[in-house]
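Heads up, the thing below is written out as structure tokens.
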Amino acid sequence: MNHTHADNERRELLEQIRAIEFMTIDLNLYLNTHPNDRRALNEYNYYTRQLQALRKEYEMRYGPLTNFGYSLSQYPWAWINEPWPWEEDHYMEGC
Amino acid sequence: MWVYEKKLQYPVRIKNPNPKMAKYIITQYGGPDGELAASLRYLSQRYHMPIPEAKGVLNDIGTEELAHFEIVGAMVYQLMKGACPEEIKMADMGTYYADHDNAVYPSTGTGVPFTAAYIQSKGDPIADLHEDLAAEQKARATYENLIKLADDPDVIDPLRFLREREIVHFQRFGEVLQKVREYMESKKYF
Amino acid sequence: MDCRYPRHYPPRAPYMYCDYPMRKEVELAEAYIPYQQYTISFSPMEALHAGTMFPELVRPYEKKGCEGGKGR
């Protein structure tokens, strides 16, 4: 199955979001048991800001990343646009 | 309240269907040491945690486990998608197929449906945290068994990620255990 | 001791325990996991692929072959 250029660009941006968000996840768990670690906290805020910018860029190009009022949608309602996460890269024919 | 983010925490891109591997992996979806059990365990136990650090850790790891539940579900989905009944029969997965077709259902590989009997919520924070530490170790061991059973790098890659997360969670639960113990001791004397 | 910025890696044992006072001795019939102290981190992409941003928490797993069919 061939991916279009636009599709590759979308997945690349998503991969960046994934990596930055992963830093916020690991730092968040660490901060829960180290609430006074100022350096970890600064890094958490640093990656959170970066994540917000990347999300905004993604959503302007490809539609909402989050539901329930966390992202704006173009017309028509873009939340339901495919692919859903479990379908990424998977367009094989069944039997 | 939870908000859905339309992406997997770790990507799943399995090119070749493999119902036999799906049968092995599905235990981490709906089995005793699986991600659903982990999530429900922590999200249920959090109500009785005595200190904010412990509430935060159980809440957030419980949430991350839901993302892992989704990763495992995506793996099973992709491993089953496009598999023909003949292949499913060869993979000894006919009994599952009879009940669920190629669908994703929370059960073990032998068809035992998910049950809350896999988890406990004891109301005793020390006891609950020890269960959580054990749960992370059991899940790690399961992922190691699954890695041993797998030979497709597309399958092994997310399994490795999930296994490493168990180690990080274990560390956090260990730190929480210490904090809860200190807290309970301080209450004893003052 | 300064708990906030120990920059050395790998972290020296025993680990420092900062937010609550360190207990003098460990006690019988208790389980202890050393407290982690953040030292260095992977880059975001490295972290995602390692499964953690903390190099000191990486526990690689290599699968072993079947030796003579008698298990490990």
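The values are calculated or read from the model by the stated rules, or taken from the named source; none is laboratory data. None of the values given here were measured: they were computed from a predicted structure. All Cβ positions, even for glycine, are placed from backbone atoms using ideal geometry, and neighbour counts span all protein chains on display. In case anyone asks, the SASA skips ligands and DNA or RNA and just uses the protein heavy atoms, side chains included. Shrake-Rupley method; radii C 1.70, N 1.55, O 1.52, S 1.80 Å.
One table, with the values for the structure above:
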read-out: All positions within segment B:68-86 that are within 9 Å of another protein chain (Cβ to nearest Cβ) and of a type outside the set (A, V, I, L, M); value: B:E70, B:G73, B:Y77, B:Q78, B:K81, B:G82, B:C84, B:P85, B:E86
read-out: Check on B:Y29, in contact with a Pro (Cβ under 6 Å, 6 or more places away or on another chain), of a type outside the set (D, E) and part of a helix (DSSP H, G or I); value: yes
read-out: Residue in segment A:51-58 that is more than 23 Å from B:V57 (Cα to Cα), more than 7 Å from every other protein chain (Cβ to nearest Cβ), open to solvent by 90 Å² or more (accessible area, probe 1.4 Å) and outside any helix (DSSP H, G or I) present; value: no
read-out: Checklist (1) away from chain A (no Cβ under 11 Å); (2) under 22 Å from the mean Cα position of the chain (by Cα) applied to B:I61, failing item; value: (1)
read-out: In segment C:27-61, residue farthest from B:R160 (Cα to Cα) [restricted to those that are among the small types (G, A, S) and facing chain B (nearest Cβ under 9 Å)]; value: C:A31
read-out: Check on C:R72, open to solvent by 30 Å² or more (accessible area, probe 1.4 Å) and modelled with pLDDT of 95 or more; value: no
read-out: Where B:K89 falls short, out of the listed (1) over 27 Å from B:H130 (Cα atoms); (2) facing another protein chain (nearest Cβ under 9 Å); (3) open to solvent by 10 Å² or more (accessible area, probe 1.4 Å); value: (2)
read-out: Matching residues in segment B:157-182 - criterion: being within 8 Å of chain C (Cβ to nearest Cβ) and open to solvent by 50 Å² or more (accessible area, probe 1.4 Å); value: B:R160, B:F170
read-out: Hey, A:A19 open to solvent by less than 30 Å² (accessible area, probe 1.4 Å), within 30 Å of B:E182 (Cα to Cα) and facing chain C (nearest Cβ under 7 Å) or not; value: no
read-out: Pick from segment B:1-24, criterion farther than 29 Å from A:S71 by Cα and within 14 Å of chain A (Cβ to nearest Cβ), ranking: most open to solvent (accessible area, probe 1.4 Å); value: B:K15
read-out: Positions within segment B:43-58 being at the interface with chain A (Cβ under 9 Å from one of its Cβ atoms) and surrounded by 18 or more Cβ atoms within 10 Å (Cβ to Cβ), in sequence order; value: B:E53, B:A54, B:G56, B:V57
read-out: Exclusive hit being among the hydroxyl-bearing types (S, T, Y), in contact with a helix residue (DSSP H, G or I) (Cβ under 9 Å, 6 or more places away or on another chain) and outside any helix (DSSP H, G or I), set B:Y47, B:Y24, B:Y10, B:Y42; value: B:Y10
read-out: Boolean, A:A6 is over 17 Å from C:Q36 (Cβ atoms), among the small types (G, A, S), at pLDDT 95 or above and assigned to a helix (DSSP H, G or I); value: no
